[in-house]
Each structure stands twice: as structure tokens, then as C-alpha cells.
1. For the stretch 31-41, what does the Karplus curve 6.51 cos²θ - 1.76 cosθ + 1.60, with θ = phi - 60°, yield as ³J(HN,Hα) per residue in whole Hz, taken in order and with x for Gly and Pro?
2. Residue by residue through the stretch 45-50, what is 3J(HN,Hα) from phi via Karplus (6.51 cos²θ - 1.76 cosθ + 1.60, θ = phi - 60°)? Round to whole Hz and write x for glycine and proline.
3. Taking the Cα atoms only, what angle lies between the long axis of helix 15-26 and the longest principal axis of the chain, rounded to 10 degrees?
4. Against the longest alpha carbon principal axis of the chain, how many degrees, from 0 to 90 and to the nearest 10, is the axis of helix 63-74 turned?
5. Calculated from DSSP H runs of 4 or more alone, at -39500 (n - 2.57) each and per residue, what is the 222 nm mean residue ellipticity of the chain, nearest 500?
6. Please state the relative contact order of the stretch 14-62 as a whole percent: Cα pairs under 8 Å, 6+ residues apart?
7. Tilt of helix 298-316 relative to the longest C-alpha principal axis of the chain, in degrees (0 to 90, nearest 10)?
8. In the stretch 54-134, what trypsin sites (Lys or Arg not before Pro) fall in a loop by DSSP, with at most 15 other Cβ atoms inside 10 Å?
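Just so it is clear, none of the values below were taken in a lab; they were calculated from the coordinates. Not measured: the values here are computed from a predicted model. Don't worry about glycine lacking a Cβ; one is built from the backbone with ideal geometry, like all the others, and counts go over all protein chains shown.
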Amino acid sequence: MAEPIRDVTIIGGGPAGLYSAFYSGLRGMDARLIEAREELGGKVCLFREKMIWDAGGQPPLQGETFRRQLIEQGKTFGPEVLTGTKIAAIRKNGQGLFEAQDHRGRIHLSKAIIMANGGGIVTPQKLRLQGADVAEMDNLHYTMPSLAAFTGKTVLISGGGDAAVDWADELSGIAAKVILVHRRDNFCAHEAQVEKVRSNGTDIMLNVTIHRLLSDAAKTRIELVELMDTESGALTRVEVDDVVVSHGYERDSELAFEPEPLRKDSHFFEGGADASTTVPGIFAAGDCLSYTGKVNLLVGAFQDAVNAVNRAKTYIEPEAHDRGMVSSHNDRFKERNRSLIRQIAEEVKSGG
Ligand SMILES: Cc1cc2nc3c(=O)[nH]c(=O)nc-3n(C[C@H](O)[C@H](O)[C@H](O)COP(=O)(O)OP(=O)(O)OC[C@H]3O[C@@H](n4cnc5c(N)ncnc54)[C@H](O)[C@@H]3O)c2cc1C
């Protein structure tokens, strides 16, 4: 069956992409959202256990809760959502439609494109140990699933940046023992956080790297970590329940634009605060878009998304209004509001 032609294809299922999907529905546009990873949420997947305080109008909430809410909102108007689908190339065809070609060679057609790729697919840098198959170890982590999962455990954290030092701080008092190892003689994390881990009982080992992981007979769990002193080469072994590796991120931002490439400043598209890029019909939102005054925060991603959708709307329908009605006065919510108000009334009646 031929692929339906959508109004807009949104590349990236992080906060900017999900909010663009929601806002496209609000503007009566038919959207397709394409995400390279199996999971939606973008960089929020990297800080699920953290508390977010600055999302605007939200009480402090955990990254994972925020991610779930974003997905729910993004799906409000039933966009087509494809995960595990990496877009490799975008081109404009002879009919003036955009073709987004995925890594399997499948073409996704639409009248406009919103780039919301965050500047690339960001994945934590994996531990590279010669000869060791560490991929399958159940107790080796690159992101923190939940702090509670480490209650009473001995946790070895490898890394010297903000994330590693923050995790060491947050786990103190939860884990039985925290060992923080770093290959250099100094941390590159925020000084105040470093001071905290120096005084909270964390066992700090500097000039030390992970040399080998020793697993159980089934090769599913790490039992011992062999550490090497980077100066003397001396080896020591420590018993662990869990290992957390925080060695920074890798970014894959490879994406071809034909015939005209989008102008980029390293991984980020040069554009305007109105979400425009250097190619008409391709708009951008969130971390991938660079302009003077840009804020690389969740709230910035939402503002960009509104602009990108409004611009895509008038690109497709030049006579359309250049902005949408606010949601509190928008006809598209009339039916939904009726049932929500009925639900609230029921809850009030039953004392909920
Ligand atoms: C550790 C950490 C903590 C943070 N804490 C906060 C905070 O407390 N408050 C705050 O406001 N901000 C915070 N941020 C920043 C915030 O997460 C980002 O600003 C936000 O995620 C940007 O959203 P985005 O959708 O533009 O990009 P991303 O979240 O990066 O999402 C982009 C998505 O596009 C996908 N993608 C990339 N290339 C392709 C492709 N070719 N095909 C298909 N999909 C593709 C990626 O896989 C990704 O899912 C934090 C960031 C980090 C890393």
C-alpha cells in the first residue's frame, strides 16, 4: 500500500517533536512523527530519575513522569508514530513534496518537514574493554534507571563529569557504598558538587580506570571490577553489586539534504527564532535549531515547536492564520472538554 502523504513529517521524538505533533493536531494538520530510537522522549530518557523543576507550570516531577506526559500529549490528535526508524536523507521531489528516507530505504512523504532531531541521536559512550563482552551484563548501567534500585548496594561509578558526580551524591545515603573512580587527578564537574561527594562518604579513587570486569559463571552479572592505577599500572579488585558508567555521549547527526543542504553550525541548524531554516518548507524546533537568544531547555523546545508548526501551516496553506487559537478557546477541544468537564464534575460529586 502506498504511504499516505501527511501534512508534516516531524523528525525526532523528543520534547520538541512530541510537542510539534500535539500542536500540529491543534492546527488541524495531519502529522507523522519519526524517532530513531525504540523509545520516545529524546534526551529526557537520559535523566529519567532526575527531578525537573523548570518545565513551566509543573510541580517538580521526575524525568520519567515528564516523558510519559509528553508522549500522552504528543498523541492527543493521533499522529502516525514510527519508532526505531532513523531518517537518513530528506529531499524534495518533482511534485514539491518532501521525501524523508529512512535507514531501510522507505520513503515518507509530506508537504512540510519539522526537524526536531536534537542535533543528532545521542547515546551514552559505551565502556570499551578489550576482549570483554560487557554488553549483556545486567548490572552495568549507562543511565540511572531509578535511585531506589540501588538501595543497600555497593555501586561503582566511573566518570569525572557532572553526571557521574551528581549520581555519586544522590546515591549516598541510598546505596550502602559508593565508589567513584576517575581516570584523571581532578574532576571536571561543578566544584560545589565535587565538594559534596568529598564529604558525604563516597570512596573516591582518582587516576584509576576500569581495566576488567569479572562476571559470574552465567556471564550476566559483574561481581568484581579490576581497576588500574593510570600512573603505576597497579591492579586492584573491588566487589560490586552494580557498575554505572558515565563517560559522556556519542552523537550521530548524519543526515543528507538534497538538493540543497540545510546550513549547519556543527550539529545544529542555522535558523531564526521563528523556527525557519535555510530551506523553505523545512522548519526546526528544539536543541537542533540555533539562533541568537536560543534557550536549550524544555521551554525553549516548546516555543520553537509552536513556531515551527505555525510556519509549516502557512507554508502549506498560505491563506491560513499565522498562529493558532489558544487551547482554552480552541474549537478542536470542544468535544474533549465536554467529556473532561463531565469527568471533573463526577469526581467532585464523589468527593474525589
Ligand atoms: C542530563 C540532562 C538533563 C537535563 N535537564 C533539563 C532540565 O532539568 N530542564 C530543562 O528544561 N532541560 C533539561 N535538559 C535539556 C533538555 O533535555 C533538552 O533541551 C530537550 O530534550 C531538547 O529536546 P529536543 O526534542 O529538541 O531534542 P532531544 O531531546 O535530543 O530529542 C531529539 C530526538 O530526535 C531523535 N533523532 C535524532 N536524529 C534522528 C534521525 N535522523 N531520525 C529520527 N530520529 C532522530 C533522537 O533520537 C531524539 O530522540 C537536560 C538535558 C540533559 C542531557
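1. Coupling constants for the stretch 31-41: 10, 10, 10, 10, 10, 5, 7, 6, 10, 8, x Hz.
2. Per residue, the Karplus-derived 3J(HN,Hα) values read 4, 8, 9, 4, 8, 7 Hz.
3. Here the helix axis deviates by roughly 20 degrees.
4. 20 degrees
5. Details: 6 runs with 78 residues, N = 352.
Using -39500 (n - 2.57) per qualifying helix, the result is -7000 deg cm²/dmol.
6. Working: 30 pairs, mean separation 15.0, N = 49.
Normalised by residue count, the contact order of the stretch 14-62 is 31 percent.
7. Roughly 30 degrees between the two axes.
8. Working: sites: ARG67, ARG68, LYS75, LYS86, ARG91, LYS92, ARG104, ARG106, LYS111, LYS126, ARG128; in loops: LYS75, LYS86, ARG104, ARG106, LYS126, ARG128.
Passing sites in the stretch 54-134 are ARG104, ARG106, LYS126, ARG128.
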